[in-house]
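First, the structure itself, so that you have it in front of you.
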Amino acid sequence: MGGSSAKHFDKTPRIWHEVPEVGVEQSHCKPCKGTGKRYIYPEWVSGLDADCGYCNGSGKVWDKKSIEVGGALFFNSHLFLLKNLPGVEIGVFHPTDVARFRFDGGDGLSTSLPRQ
Ligand SMILES: [Zn+2]
């Protein structure tokens, strides 16, 4: 009872999942042909030595893939970054909700992808 079912925000995941090993799957940035130099900039910045706006000047882009962790989907690039954290684990409340991650030294929130 008690009227409105209080929507509490104590989002503590019950299960923590190990972050899977994700390979670096990058390919040449097509728009700038892997040069990392200006692509998505209009002509008026062409005088500048601008970085490609598509790959941020790296010349490489991630082959975006979604990977499932605990029923939720995450970008491979995102998991790759998380994997750098020591002892990192992902906690999922709901497949379409924001996920939580924790590691030795802190924690944070992580955005999962909508399922198709
Ligand atoms: Zn590029």
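The values are calculated or read from the model by the stated rules, or taken from the named source; none is laboratory data. These numbers come from a predicted model, not from an experiment. Quick reminder, even Gly has a Cβ in these numbers, built from the backbone with ideal geometry, and neighbours come from all protein chains shown.
I'm told Pro13 meets every condition in (1) of a type outside the set (S, T, N, Q); (2) in a loop (DSSP other than H, G, I, E, B); (3) at pLDDT 90 or above; (4) out of contact with any helix residue (DSSP H, G or I) (no Cβ under 9 Å at 6 or more places or on another chain) except one. Can you identify the failing condition by its number?
Going through the list (1) of a type outside the set (S, T, N, Q); (2) in a loop (DSSP other than H, G, I, E, B); (3) at pLDDT 90 or above; (4) out of contact with any helix residue (DSSP H, G or I) (no Cβ under 9 Å at 6 or more places or on another chain), Pro13 breaks only (3).
While we're here: Hey, could you check the range 83-92 for residues that are closer than 12 Å to Thr111 by Cα and outside any loop (DSSP other than H, G, I, E, B) and say which is nearest to the chain's Cα centre (by Cα)?
For the range 83-92, the residue satisfying everything is Ile90.
Listed residues Glu89, Glu43; which is at pLDDT 75 or above and acidic (Asp, Glu)? Steps first, please.
Numbers: Glu43 fails: at pLDDT 75 or above.
After applying the criteria, what remains is Glu89.
Next question. Identify the residue in the range 64-82 that is more than 16 Å from the ligand (Cβ to nearest atom), under 15 Å from the mean Cα position of the chain (by Cα) and small (Gly, Ala, Ser) and, among all such residues, is surrounded by the most Cβ atoms within 10 Å (Cβ to Cβ). Walk me through it before giving the result.
Of the residues in the range 64-82, the ones more than 16 Å from the ligand (Cβ to nearest atom) are 65-76, 78-82.
From what is left, the residues that are under 15 Å from the mean Cα position of the chain (by Cα) are 65-69, 72-76, 78-82.
Filter once more, keeping what is small (Gly, Ala, Ser): 66, 72.
Values: Ser66: 16, Ala72: 25.
So, considering only residues that are more than 16 Å from the ligand (Cβ to nearest atom), under 15 Å from the mean Cα position of the chain (by Cα) and small (Gly, Ala, Ser), the one surrounded by the most Cβ atoms within 10 Å (Cβ to Cβ) is Ala72.
While we're on this one: Looking at Val22, Val61, which is the one that is in a strand (DSSP E or B) and either within 16 Å of the ligand (Cβ to nearest atom) or at pLDDT below 90 (or both)? Talk me through it step by step, then tell me what you get.
On the way: Val22 fails: in a strand (DSSP E or B).
Just one listed residue meets the conditions, Val61.
Then there is this: Quick one: which residue in Val92, Val98 is among the β-branched types (Val, Ile, Thr), touching a strand residue (DSSP E or B) at 6+ places or on another chain (Cβ under 6 Å) and buried (at least 19 other Cβ atoms within 10 Å of the Cβ)?
On the way: Val98 fails: buried (at least 19 other Cβ atoms within 10 Å of the Cβ).
Answer to the selection: Val92.
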